[in-house]
Amino acid sequence: MQPNPKFPASSDAVVSLGELLGALSHALDLTEGQPKGHCVRSCWIGMEVAETLDLTAAQRSDLYFTILLKDLGCSSNAARICQLYLTDDIGFKRSYKLIDSSAKKGLEFLLSHTASESGLLQRLRTVTSVLKDSDDIVAEVFQTRCHRGAEIARLMRFSEDVAEGIAGLDEHWNGGGWPEGLRGPDIPLYSRVALLAQVAEVFVAELGVDAAVAELARRAGQWFDPDLVPFFVELLQRPGFLQAFHDPGLEAHVFASEPVRQQHLVDEDYLDEIAYAFAKVIDAKSPFTHGHSERVAQFTDTICTEMGYSTAHRRWMMRAGLLHDIGKLGVSNTILDKPGKLTDAEFEQIKLHPLYSQQILGRVSVFHDLAITASAHHERLDGKGYPQGMTAENLSRDMRVLAVADIFDALTADRPYRPALPLEKVYTIMDDMVGSAIDIDCYAALQTAIANS
Ligand SMILES: [Fe+2]
Ligand SMILES: [Fe+2]
C-alpha cells in the first residue's frame with residue numbers, strides 16, 4: 001500500500017471563491033446538458049453588459065455570483081423531469097433552453113422529448129397527461145429548482161440579493177414565468193440579466209451570433225426586459241466578441257475579474273461550508289442518493305478517527321466524502337433511478353461518474369490531490385473496480401477508507417432496486433469483499449467504531 005502523503009497541511013486562505021465556484025459550476029453545466037463552461041461564459045456575457053449598468057462594486061459582485069450559480073438548484077428537479085416526462089433529464093434540459101416561446105414550438109418540443117424511449121401509445125398518453133396538467137407541472141419543476149438554488153446560495157454565505165436573483169431566473173418580463181409569475185421591474189435585476197446572459201450563451205454556442213440576436217429581439221418584452229436587450233445585442237455584435245467567446249483563456253479572465261478580486265479568499269471553514277452545500281446539490285439529483293454524500297463523509301470520518309488520522313487529515317477526507325460523487329450530476333436519472341438491472345451501455349454511463357468527479361474537482365487548485373482520491377471510490381484491491389481498474393499497490397489508504405464508507409452507505413440505504421439492508425446482512429456482504437474489493441484494516445476500523453457507538 002502506498003503511504004498517504006497527499007493531504008495538504010491546514011492553512012488559512014486556500015483558494016479564491018471565483019476559482020472554486022467557477023470550477024464547481026462545470027458540474028452544473030453537466031446536469032443542465034450544457035457544454036463545459038456554459039455558466040462561466042454566461043457570467044462573462046452578463047458582466048460585460050453590467051459595465052454599462054450603474055452598479056456599485058458590491059452589486060457587480062452579487063450579479064457575478066448570481067449568474068455563475070444560476071443553476072445551483074438544477075439537480076433538484078432532474079428526477080421529477082424523468083418521472084413526469086419519462087425521458088432523459090439531461091437531454092430534455094439541453095433542448096428546453098433552445099425552444100422559443102411560441103405554443104407551436106412548445107408542443108413540438110413536448111412531442112419530440114416526452115417518453116422519447118417509449119412506444120407511440122405511451123408517448124401519446126404521457127403527452128396528453130402532461131398537457132392536461134402542464135401549468136402545474138411546469139410550475140412545480142421550476143419552483144423546486146428556483147427555491148432549492150436560492151437555499152443553497154444562502155448556505156454558501158451569499159446575500160439575499162444573490163439568493164433572490166437565482167430564485168427569479170425563470171421569471172419572464174410579461175408575467176408568464178415561474179415560480180411567482182413576477183412581471184416587469186418586479187423581477188430582480190440580477191435575474192433579468194442572468195436569464196438574458198443564459199439564453200445568449202446557449203444560442204451563440206449552438207446556433208451562432210445572428211440566431212442569438214434574433215432570439216433576444218423576438219423575446220424582448222415577452223421573456224426579457226426590453227430595456228436590457230439592446231445592451232446584449234450591442235455586446236454580441238461587438239467586433240471580436242465571438243473570438244473572445246471561444247477563447248480558451250476566457251475562464252481565467254473571468255476568474256481574475258474585479259468582482260472576484262473583491263471577494264476574500266476562501267479559508268478552511270468556508271471551504272467546508274461550500275463542500276457541504278455542494279453535497280446537497282449532488283444528493284438532490286436522485287431520491288435514492290438523498291443524504292448519501294453527507295453520510296459517506298460521516299462514515300469516512302468515523303473510520304479515520306478510529307485509525308488515528310490527524311484532525312487536518314480528517315477534515316480533508318470529509319471533503320473527499322462530500323464531493324466524491326459530484327460526477328453523478330452528469331449521469332441521467334433514467335439510469336440513476338432505474339429500478340431494474342442496468343444494461344451494459346447504461347453501466348458504461350455509470351462508470352463515467354468518478355471520471356467526471358476527477359475532472360470537475362481537478363479544476364480547483366486546492367482539490368488537485370483530493371480529486372484523485374475521490375475519483376477512486378469504486379476501485380477495488382483486485383483491479384476489478386472502475387473507472388481505471390487500479391490495483392492494491394496503487395490504492396492509497398485514503399482511497400480504501402473512502403471505498404469502505406461508500407459501500408457501507410450504499411448497502412445501508414434504500415436503492416432503486418431494493419430497500420436498505422439490516423446491519424447483519426451488510427456485514428455478511430462486506431465480509432466477502434475483504435481482500436478482493438475492500439481493505440481489511442479500514443473495514444475493521446468501521447466495525448469497531450460502530451460497535452462502540
Ligand atoms: Fe460513486
Ligand atoms: Fe458514492
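Derivation of every value follows stated rules applied to the coordinates shown; laboratory data play no part. Worth saying up front: this structure is predicted, and the values here are computed from it rather than measured. All Cβ positions, glycine included, derive from the backbone under ideal geometry; neighbour counts span all protein chains shown.
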Hey, can you rank 186-194, 250-258 by average C-beta count inside 10 Å, highest first?
-> 186-194, 250-258
Cα gyration tensor of the range 192-251 diagonalised, 5x eigenvalues square-rooted, in angstrom largest first, produces semi-axes 20, 11, 11
Kindly write out, for the range 305-322 in residue order, the coupling ³J(HN,Hα) from the Karplus curve 6.51 cos²θ - 1.76 cosθ + 1.60 (θ = phi - 60°), rounded to whole Hz, with x marking Gly and Pro.
-> 4, 4, 8, x, 4, 6, 4, 5, 5, 5, 4, 5, 5, 5, 5, 4, x, 5
Under unit Cβ charges (Lys, Arg +1; Asp, Glu -1), what dipole magnitude, rounded to 20 debye, does the range 267-452 have relative to its Cα centre?
-> 440
With the charge dipole of the range 267-452 built from beta-carbon charges (+1 for Lys and Arg, -1 for Asp and Glu) about the Cα centre, the Cα from Ile350, Ser293, Met318 projecting farthest to the positive end belongs to Ile350
Residues with amide H under 5 Å of Ser16's amide H, sequence separation 5 or more or different chain, H placed in the peptide plane at 1.01 Å from N; which?
-> Val266
Contour minus Cα-Cα span, Glu234 to Asp186, at 0.36 nm per residue, comes to 14.8 nm
